[in-house]
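Peer 1: The structure is given below, and queries will be raised subsequently.
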Amino acid sequence: MQVQLEPEQAFGEYDAELVRVEPADRYGGEIAAGAEIQEDATVYTVTDVADGKVVLDGNHPLAGMALRFSCVILSVREATKEELGRGVSLP
């Protein structure tokens with residue numbers, strides 16, 4: 001079985017407004033691409049460090065991407081009363 005999640009069903013669309021450029025000295029001398037910085041409720045990934053500037057990206061690394069999964073169903077069982085009580089339904 002193949003399953004595909006569009007960006008809005010997974011990690012959302014890429015938001016250019018979540019990208020910031022800050023002075024590198026604000027984060028100390030050891031900042032490098034790939035580092036993560038948390039400010040307020042957002043985790044930023046350092047995507048570039050050059051010319052005394054740091055590029056911070058608050059998007060999830062998979063934002064804007066469709067995700068495709070290949071699945072194999074190994075078994076099927078009846079739902080429990082608790083599961084039925086939650087009202088979960090499949091399309």
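Peer 1: Please report the carbon-and-sulfur percent of the accessible area for the stretch 1-82; probe 1.4 Å, protein heavy atoms only, DNA, RNA and ligands left out.
Peer 2: Numbers: 3260 of 6270 Å².
Of the solvent-accessible surface of the stretch 1-82, carbon and sulfur hold 52 percent.
Peer 1: List the longest stretch of the chain that has no exposed loop site; here a site is one of the trypsin sites (Lys or Arg not before Pro) assigned by DSSP to anything other than H, G, I, E or B, with at most 14 other Cβ within 10 Å. Mind showing how you got there, number by number?
Peer 2: Working: sites that count: Arg77, Arg86.
Answer from the scan: 1-76.
Peer 1: Before I look further, what does the chain give for accessible area per residue, probe 1.4 Å, in whole square angstrom? Numbers along the way, then the final one.
Peer 2: Details: 7250 Å² over 91 residues.
Normalised by residue count, the accessible surface of the chain is 80 Å².
Peer 1: For every other residue with a beta carbon closer than 13 angstrom to the beta carbon of Val19, add +1 if it is Lys or Arg and -1 if Asp or Glu, then tell me the sum.
Peer 2: Working: positive: Arg20, Lys53; negative: Asp15, Glu17, Glu22, Asp48, Asp57.
Net charge in that neighbourhood comes out at -3.
Peer 1: So the label point goes 7 Å from the Cα of Leu62 along Cα→C-beta, right? Which residues of the stretch 1-40 then have their backbone N under 16 Å from it?
Peer 2: Counting backbone N atoms under 16 Å from the label point, the list is 2-14.
The values are calculated or read from the model by the stated rules, or taken from the named source; none is laboratory data. Keep in mind that this is a model prediction, so the values were computed, not measured. Using ideal geometry, Cβ is built from the backbone for each residue, glycine included, and neighbour counts are taken over all protein chains shown. We work out accessible area using only protein heavy atoms, side chains counted, and drop any ligands, DNA or RNA first. Shrake-Rupley method; radii C 1.70, N 1.55, O 1.52, S 1.80 Å.
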